[in-house]
Amino acid sequence: LSELAAPRVARAIEDSVIGAESGGLYPAIWIEGASCTGCTESFAQVDAPDPATVVLEMVSLNYCETLSAAAGWSMEEAKAQTIEAGNYILIYEGAVLEGWNGEALRVANEPGTDHLVHAAENANAVVALGSCAVNGGWMGANPNSAGALGVQQYLKKQGIDTPVINIPGCPPHPDWIVGTIGLGLQALATNTLGLLVKQGLDANGRPKAFYKNVHMNCPHLSAFEAGHMVKTMSDKDGCRFSMGCKGPRSACDSFERKWNNGVNWCVNNATCIGCTSPTFPDGQSPFYVN
């Protein structure tokens with residue numbers, strides 16, 4: 001961050017709830033499970049608001065392995081203080097690893113599963129960020145020797161009923177991440193979180209605002225209906241279903257939102273691999289066919 005950001009950092013620290021009972025910004029904890037950090041990388045590309053605005057002015061990001069300036073013991077203490085104070089939102093990125101009694105992933109000398117349970121029990125809401133956090137994703141692919149599964153499934157097994165909002169994608173679009181955080185904060189502020197979960201999410205727990213059937217909204221839909229299929233990945237015209245496109249079984253709004261500040265989206269250059277599907281990745285393979 002530039003020197004110009006220093007006053008904003010100072011204000012964020014003053015407004016946070018670290019070590020206090022309340023503060024001017026809503027506290028958030030961002031925990032990494034078994035992941036590649038691709039969801040955080042995607043978040044870092046958000047344009048409006050920019051990442052600094054989100055973590056300094058929208059929320060008090062009290063814990064995040066990747067984005068926090070602190071590290072080690074002091075950061076773990078900040079997380080513990082936030083959990084004790086309560087009234088926060090939990091963002092969980094990556095799969096939950098049940099393998100070897102949770103010892104497949106250890107953080108700060110504790111099983112990774114314990115970190116999730118401790119944070120989720122006292123949270124007002126949980127955002128499962130990315131396909132790995134939603135259903136195990138790549139970590140849960142066959143043979144899944146580490147016992148990877150999604151956050152919602154694991155919390156249900158533990159008897160924890162904290163509301164979970166799923167944001168699948170490999171990675172999710174940055175707008176979905178920030179938009180969902182905004183929706184959650186608004187619902188918490190207006191005491192309408194139950195209504196958001198009941199009416200604003202689809203059957204898979206995804207925000208309806210961002211997850212729409214790719215196939216039915218694809219610009220190549222007319223080519224599909226006419227049976228005009230591409231023969232190679234370099235063909236510009238025609239439907240990509242013949243090349244393994246999983247659009248009919250996937251949902252997102254990249255067809256209108258696009259990536260990299262509206263530059264492009266997956267099906268323009270390749271095929272949809274169904275990364276937002278509950279059965280990703282095993283149920284969506286093979287991604288490409290001859």
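With the full set of protein chains in place, find how many percent of the accessible area of the chain is carbon and sulfur; take the probe as 1.4 Å. Of the solvent-accessible surface of the chain, carbon and sulfur hold 53 percent. Where only DSSP H runs of four or more residues are counted, the chain gives -7500 deg cm²/dmol as its mean residue ellipticity at 222 nm, each run worth -39500 (n - 2.57). Taken per residue, the accessible surface of the chain reaches 47 Å², heavy atoms only and a 1.4 Å probe. The Cα atoms of segment 130-172 define a convex hull whose projected area, averaged across directions, is 3.0 nm². Relative to the current alpha-carbon distance between K236 and E256, full extension at 0.36 nm per residue lengthens the span by 5.4 nm. Helices of the chain meeting both criteria, an alpha-carbon length of 15 angstrom or more along the long axis and an average Kyte-Doolittle score not below 0.0, with helices taken as full DSSP H segments, are 174-189. Each of A48 and T66 was given a label point 7 Å from its Cα along the Cα-to-Cβ line. The distance between the two points is 2.4 nm. Cβ distances below 4.7 Å define possible disulfide partners, and in the chain the cysteines left without one are C36, C39, C64, C132, C218, C239, C245, C252, C266, C272. Full extension of the chain between K198 and E121 yields a length gain of 25.7 nm, computed as 0.36 nm times the residue separation minus the alpha carbon distance.
Three semi-axes describe the equivalent ellipsoid of the chain; taken as square roots of 5 times the Cα gyration tensor eigenvalues and ordered largest first, they are 35, 22, 17 Å. For the chain, lysine pairs separated by 8 or more sequence positions, or belonging to different chains, with Cα-Cα distances below 28 Å total 22.
The values are calculated or read from the model by the stated rules, or taken from the named source; none is laboratory data. Just so it is clear, the model here is predicted, and its values are computed rather than measured. For neighbour counting, all protein chains shown are included, and Cβ atoms are generated from backbone atoms with ideal geometry for every residue, glycine included. When the accessible area is computed, the model is the full protein with side chains, heavy atoms only, and any ligands, DNA or RNA have been set aside. Shrake-Rupley method; radii C 1.70, N 1.55, O 1.52, S 1.80 Å.
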